[in-house]
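See structure below.
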Amino acid sequence: MGLISLIALSVGATLGTGIFVVLGEAAPLAGPAVVVSFAVAALAALFSALSYAELAGAVPVSGSAYSYTYATLGEIVAWVCGWCLLLEYGVSVAAVAVGWGSYLNEFLGSTIGWRIPDALSSAPSDGGIINLPAAVVVLIATAVLLDGIRESARVTTVTTMIKIAVLIFFVVVAVTAFNSDNLHPFAPMGVAGVSAAASMVFFSFIGFDAASTAGEEAKNPQRDLPRAIIISLGIVTLVYVLVALTAVAAVGVDDVSSSGASLATVLEQVAGRGWPATILAAGAVIAIASVVLTVLYGQTRILVSMSRDGLMPSVLSRVGRKRVPTVNTLVVGGVVAVLSALVPLGELVNATNIGTLVSFALVNIGVLVLRRTKPDLPRTFRTLVPLVPILGVGLCVWLLAHLPGVTWLAFALWSGVGLVVYFGYGRRRSALNRVAERETV
């Protein structure tokens, strides 16, 4: 993949449920100041993106933050990071798939007047039996990935351009109903509300690092990976701020948060239940499906790296004739399909955020360590050290502090399971341990 494909991969993995759905979840927390929450989350992502860019240029391999921490902080820290990334990528795919189901229902309702029954489109805790659309889109994305990375990259590039066009269309329509009265009071919940919303909408920026998982498929990884990460984050931030501002100003916070398909609801308020809302829903169905594809791709490549290091079973890194890790892809697709079918959106978003913020903090620390231990290592991009990594860690910790207690409890349980797997399986079978044993002999 060249620079354009890598940018499309990152933008494609980022632009999706975050703005199409999570905006409606976060707006009640901050009021109109949810726009500021997006800016704060973007700032936190920016510092981590700069650290990612330096490590992507210095350690241009697949595996994203896992590989970077392995190279800089050692095996056990890399395991913790990789375990967090499994949570980030796997759970975020499930969250994205749940959002896709909401827009599919909106599209079906506006075109043929029929919606999938709640029993078959909602998680059990939301009053349904199974979220069938969410599971189906994950299985479709799994099938596309099994067809090879070249085909997946082409699909991603096309769908990314479609989703940007759809969001620009939304801004153009929504701005016609711009009403500054809807922006007052601007921050009814104060700084606490803005912070809580920022912790939630950080989910919207997850995926900009997807290019860093494609080190082995990139034509010129040292040159193109840093560029792709920074350019994609800039594109995404601009789109998010414009969409959030025009949505809230057009209809107010209450209407933005009244539906799972929040942006389609905004256009229904602005233009009536007509073609604008239908176009938006159709575009969202395509856009969010592409996020499922790209983030699922990232998940499989992280597992490949962990498997090659001996921390996961070797079968997960075996590739077929199309250079696709077939067993890995099938396992990931199956697990994520079950999650998306049974767990509601809000819980998935918060679980994703905590795993992501921990892994981002470790990447920032990795930059500091590598600058100290390998100061002469060739780097195609250099961030401002130590300022940027320290600010990156600080903002990650700040956002972590505003996540709910139940999310921390779930993360503690997940981490405990991860440590049991590491000490019970990975540590004894790791490549690093095998090298140490040979040297001892």
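Counting only complete DSSP H runs, which helices of the chain cover 15 Å or more along their long axis at the Cα atoms and score a mean Kyte-Doolittle of 0.0 or above?
Working: long enough: 3-14 (17 Å, 2.13); 34-58 (36 Å, 1.85); 75-111 (53 Å, 1.06); 132-145 (20 Å, 2.69); 149-174 (37 Å, 1.53); 190-201 (17 Å, 1.61); 221-251 (45 Å, 1.55); 275-308 (50 Å, 1.33); 326-342 (25 Å, 1.98); 345-373 (42 Å, 1.11); 387-400 (20 Å, 2.52); 405-421 (24 Å, 1.77).
Those that pass (Cα extent of 15 Å or more, hydropathy at least 0.0) are 3-14, 34-58, 75-111, 132-145, 149-174, 190-201, 221-251, 275-308, 326-342, 345-373, 387-400, 405-421.
A dipole drawn for the chain from +1 and -1 charges on Cβ atoms has a positive end, and of F169, P404, L85 the residue lying farthest that way is L85. Less than 27 Å apart at the alpha-carbon level, and either on another chain or at least 8 residues along: which lysines does that give for K374? K374 reaches K219. On full extension, the segment bounded by W114 and V77 gains 8.3 nm, given 0.36 nm per residue less the C-alpha separation.
A run of the chain free of exposed loop cleavage sites, with chymotrypsin sites (Phe, Trp or Tyr not before Pro) counted only in DSSP states other than H, G, I, E and B and at most 16 other beta carbons within 10 Å, reaches its longest extent at 187-441.
Every number in this text was worked out from the coordinates using simple rules, so none of it is lab data. Predicted model only: the values in this text are computed from it and were never measured. Quick reminder, even Gly has a Cβ in these numbers, built from the backbone with ideal geometry, and neighbours come from all protein chains shown.
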